[in-house]
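The values are calculated or read from the model by the stated rules, or taken from the named source; none is laboratory data. Keep in mind that what you see is a predicted model, and the values were worked out from it rather than measured. Because the Cβ atoms are built from the backbone with ideal geometry, glycine has one as well, and the counts that use them run over all protein chains shown.
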Amino acid sequence: MSRRKKSHQSHGTANRPRLWGKHAVSAALDNPNRKVLRAWATRDASTFMQFPKDLPVTLADVADLGRLVPHDAPHQGVVIEVEPLEDAWLDDLLHDASERSVLLVLDQVTDPHNVGAILRSTAAFGAVGIVTQDRHSPPESGALAKAASGALERVPWVRVVNLARALEEIGEAGFWRIGLAGDADTDLKDALGPQRVALVLGAEGAGLRPNTRDHCDAVARLPITEAIESLNVSNAAAVALYAASVS
């Protein structure tokens, strides 16, 4: 390990994102499909992180690590620079899905914290993966990985060019596509039934786009009270995943 007094000022790029936090970094190190390029860690963190012997690791103090990540990011004493994961393919995801499967489809959900939290819920409830539109979804980043708490490394994430076409393929594979919308007349529990379910969620505010909604077999709502107008999309995803997993 080397010792440096000064750290790089950038926070990573789309081609070389930086991940931070014990869970996100440990999951990346454990993922055989993840290429980790370099690491920075405090002396304490370096003693318990399982860094590969051939990985360049720079010992740094807390202040130096803070300059490697966005302001106030909770790095927990460890930062790594990585290559993005290889693309996952929709055909493979659908082919590998079991007879009883739940899939998440996100329609222009761009906030990395929301997508990270959705990945975490996807892993928690055993869903087979998430599908997003390539141009309208966040890249891998430290904030997303931290919110995912390791799930970025474990959950297949398919990025597609045309979401409507992807929904057609999902339907052809035997998935019952349920769009979540607050103005729907049917509760989610009444729309569930088939063994394979694709839950389709839109961005906060805009919701599902008309063309996305038209490619759903049913549109349903979560039965929340009038005390609040709507749920955060990541919270809605967690509730919907639970409902689908126990149906």
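Listing for the model above:
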{"item": "Residue that is nearest to SER26 (Cα to Cα), among those in segment 153-180 that are of a type in the set (A, V, I, L, M, F, W, C) and surrounded by fewer than 18 Cβ atoms within 10 Å (Cβ to Cβ)", "result": "VAL161"}
{"item": "Selection status of GLU169, farther than 21 Å from ALA124 by Cα and at pLDDT below 95", "result": "no"}
{"item": "Residues of segment 98-136 satisfying the condition of being farther than 18 Å from VAL197 by Cα and either outside the structural domain of LEU231 (by TED's automatic domain parsing) or outside any loop (DSSP other than H, G, I, E, B) (or both)", "result": "PRO112, HIS113, ASN114, VAL115, GLY116, ALA117, ARG120, GLN133, ASP134, ARG135, HIS136"}
{"item": "Residue match in segment 181-196 (condition: in contact (Cβ under 8 Å) with a residue 60 or more places away in the chain and touching a helix residue (DSSP H, G or I) at 6+ places or on another chain (Cβ under 7 Å))", "result": "no"}
{"item": "Any pair with Cβ under 6 angstrom, 6 or more apart, that starts in segment 36-62 at a residue that is free of Cβ contacts under 8 Å to residues at least 60 places away in the same chain and ends at one that is acidic (Asp, Glu)", "result": "LEU37/GLU81; ARG38/GLU81"}
{"item": "Test: residue in segment 185-193 that is over 21 Å from the mean Cα position of the chain (by Cα), closer than 17 Å to PHE125 by Cβ and not hydrophobic (A, V, I, L, M, F, W, C)", "result": "yes"}
{"item": "Long-range neighbours under 7 Å by Cβ, at least six apart or interchain, first residue farther than 16 Å from SER149 by Cα within segment 65-87, second in a loop (DSSP other than H, G, I, E, B) and of a type in the set (Gly, Ala, Ser)", "result": "LEU65/GLY77; ARG67/SER7; LEU68/SER7"}
{"item": "Among (1) at pLDDT 95 or above; (2) under 25 Å from ARG100 (Cβ atoms); (3) in contact with an Asp or Glu (Cβ under 9 Å, 6 or more places away or on another chain), the one test that GLN195 misses", "result": "(1)"}
{"item": "Matching residues, segment 19-34, being small (Gly, Ala, Ser) and either farther than 16 Å from LYS53 by Cα or in a loop (DSSP other than H, G, I, E, B) (or both)", "result": "GLY21, ALA24, ALA27"}
{"item": "Total residues in segment 62-80, condition surrounded by fewer than 19 Cβ atoms within 10 Å (Cβ to Cβ) and modelled with pLDDT of 95 or more", "result": "0"}
{"item": "Which listed residue, of ARG213, ARG177, ARG159, is among the basic types (Lys, Arg) and closer than 21 Å to ALA117 by Cα", "result": "ARG159"}
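Matching residues to (1) of a type in the set (A, V, I, L, M, F, W, C); (2) in contact with a Gly (Cβ under 7 Å, 6 or more places away or on another chain):
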| residue | (1), (2) |
| --- | --- |
| ASP61 | no, no |
| VAL79 | yes, no |
| LEU93 | yes, yes |
| VAL109 | yes, no |
| SER137 | no, no |
